[in-house]
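K.L.:
Take a look at the following structure, please.
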Amino acid sequence: MTFATHLFPRKAFAALALAGACAGAAWAQPAAEAPVVLQQVELPLPSGAVLRAHWWPAPQPSVHATASAQPAVLALHGCGGLYAKTGVLSSRYRETAETLHAAGYAVLMPDSFGSRGLHDVCQTRYRDRTLGVNDRAQDARAALVWLVAQPGVDAQRIGVMGWSNGGTTTLNLLVQRHSDLQEGEPPLAGAAVFYPGCVPLLKRQAVAESVPLLMQLGALDDWTPAQPCVEWAAALQARAGSDVTVHVYEGSYHGFDGTAPVRLRGDVPNGTSVHGVHQGGNLQARAKSLAALQSFWSRVLGTRKAP
């Protein structure tokens, strides 16, 4: 696999910060009385293109409480995109948004694929994909700039998470920011990833931004194997002051945090076997990994204060 890094001019993200603060939700339709106020927003990209995203502002305090800035999480979808076949938000992402929102966090989920007319890329070989993880990392950087410009978001408590391709994107985001943190980009309080691909990062011995990092992997994963991530994480852990936690779940395949049964997907050409890849949930690993994720966010972003 070859990943080409496309970096924008240093002032580009500073300009996005201003644009993000001024840009309205051109197609926003918030549900005012819903427990989770979902908005669909448009984020400007340095290229001039528009990145569509789902946005859940943090819960507002009661009328008797003093408003304060709240943490936020940027969540990056996997190679299957944000949506189920029925066109609704996939259960994994809806569940995540609701859980984070209940904890008092704002949530932003960019739609990197739909914004470009794509549905999913799981069945496309890595070398044939028109949208790579470094391109998606640029989406994430623009999203962070937009996010920090939103009223009620605490610029010092922003986290990033991703699944599979989104997890790989998250790691590449940290690598990009390590060598080129641009004006207007906020600091990160932490990053959490589920079953990312780490082979290219390990091969080039990439160095990532030093932020608290949680990596959750499946021991039987034959799509994005755990061992390269374990080895790469060990290199990060060797750095002074590192905060890298790795959980490898026994008996677990790609997608272990889901609820669907394990199945062999012969339509995916990017695994370790010519026969395809296994994908599906493991109830024990799901429970443990979601608990670990909740504990991680509580540690790096803080817990919700009672009104």
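K.L.:
Which residues, counting only those in segment 113-154, are in a loop (DSSP other than H, G, I, E, B) and under 30 Å from T303 (Cβ atoms)?
P.N.:
Matches in segment 113-154: A149, Q150, P151, G152.
K.L.:
Identify all residues within segment 187-208 that are closer than 17 Å to L74 by Cα and surrounded by fewer than 18 Cβ atoms within 10 Å (Cβ to Cβ); write none if there are none.
P.N.:
P187
K.L.:
What is the one condition in (1) assigned to a helix (DSSP H, G or I); (2) within 23 Å of G241 (Cβ to Cβ); (3) more than 11 Å from the chain's Cα centre (by Cα) that Q216 does not satisfy?
P.N.:
(1)
K.L.:
Same structure, new question: Go through segment 254-275 and report how many residues are of a type in the set (S, T, Y) and more than 30 Å from A189 (Cβ to Cβ).
P.N.:
So the count comes out to 2.
K.L.:
Residues V248, V230: which one is surrounded by fewer than 19 Cβ atoms within 10 Å (Cβ to Cβ), β-branched (V, I, T), closer than 23 Å to K288 by Cβ and without any contact (Cβ under 8 Å) to a residue 24 or more places away in the chain?
P.N.:
Going through V248, V230 in turn, just one is surrounded by fewer than 19 Cβ atoms within 10 Å (Cβ to Cβ), β-branched (V, I, T), closer than 23 Å to K288 by Cβ and without any contact (Cβ under 8 Å) to a residue 24 or more places away in the chain: V230.
K.L.:
OK, next. I'm trying to understand the selection: among the residues of segment 281-304, which are loosely packed, with under 14 Cβ neighbours inside 10 Å and among the hydroxyl-bearing types (S, T, Y)?
P.N.:
Step one: filter segment 281-304 for residues loosely packed, with under 14 Cβ neighbours inside 10 Å, giving 283-284, 287, 291, 295, 298, 303.
Passing the criteria: S295, S298, T303.
K.L.:
Keeping to segment 80-102, report how many residues are modelled with pLDDT of 95 or more, more than 24 Å from A142 (Cα to Cα) and not polar (S, T, N, Q).
P.N.:
The total comes to 1.
K.L.:
Please determine whether any residue of segment 223-239 is among the hydrophobic types (A, V, I, L, M, F, W, C), in contact with a Phe, Trp or Tyr (Cβ under 9 Å, 6 or more places away or on another chain), part of a loop (DSSP other than H, G, I, E, B) and at negative phi. Spell out the reasoning first.
P.N.:
Taking segment 223-239 first, the residues among the hydrophobic types (A, V, I, L, M, F, W, C) are 223, 226, 229-230, 232-236, 238.
Now drop any that are not in contact with a Phe, Trp or Tyr (Cβ under 9 Å, 6 or more places away or on another chain), which leaves 223, 226, 229.
Keeping just the survivors that are part of a loop (DSSP other than H, G, I, E, B) gives 223.
Among the residues that remain, those that are also at negative phi are: 223.
Yes: segment 223-239 contains one or more residues that are among the hydrophobic types (A, V, I, L, M, F, W, C), in contact with a Phe, Trp or Tyr (Cβ under 9 Å, 6 or more places away or on another chain), part of a loop (DSSP other than H, G, I, E, B) and at negative phi.
K.L.:
Right, another one. Take V274 and decide whether it is part of a strand (DSSP E or B) and surrounded by fewer than 21 Cβ atoms within 10 Å (Cβ to Cβ).
P.N.:
no
K.L.:
Testing Q150 on (1) in contact with a Phe, Trp or Tyr (Cβ under 9 Å, 6 or more places away or on another chain); (2) surrounded by fewer than 21 Cβ atoms within 10 Å (Cβ to Cβ); (3) closer than 20 Å to V230 by Cβ; (4) not basic (K, R), one condition comes back false. Which one is that?
P.N.:
(3)
K.L.:
Considering only residues that are hydroxyl-bearing (S, T, Y), touching a residue at least 60 places away in the same chain (Cβ under 8 Å) and in a helix (DSSP H, G or I), which ones fall in segment 156-205?
P.N.:
Within segment 156-205, T169, T170 qualify.
K.L.:
Which one of these is surrounded by 18 or more Cβ atoms within 10 Å (Cβ to Cβ), among the small types (G, A, S) and either more than 23 Å from W223 (Cα to Cα) or free of Cβ contacts under 8 Å to residues at least 40 places away in the same chain (or both): A102, A58?
P.N.:
The match here is A58.
K.L.:
I've got another one for you. Taking segment 236-245, which residues are in contact (Cβ under 8 Å) with a residue 24 or more places away in the chain and in contact with a strand residue (DSSP E or B) (Cβ under 8 Å, 6 or more places away or on another chain)?
P.N.:
L236, D243, V244, T245
The values are calculated or read from the model by the stated rules, or taken from the named source; none is laboratory data. Since we're looking at a predicted model, the values are computed, not measured. So basically every Cβ, Gly included, is an ideal-geometry build from the backbone, and we count neighbours across all protein chains shown.
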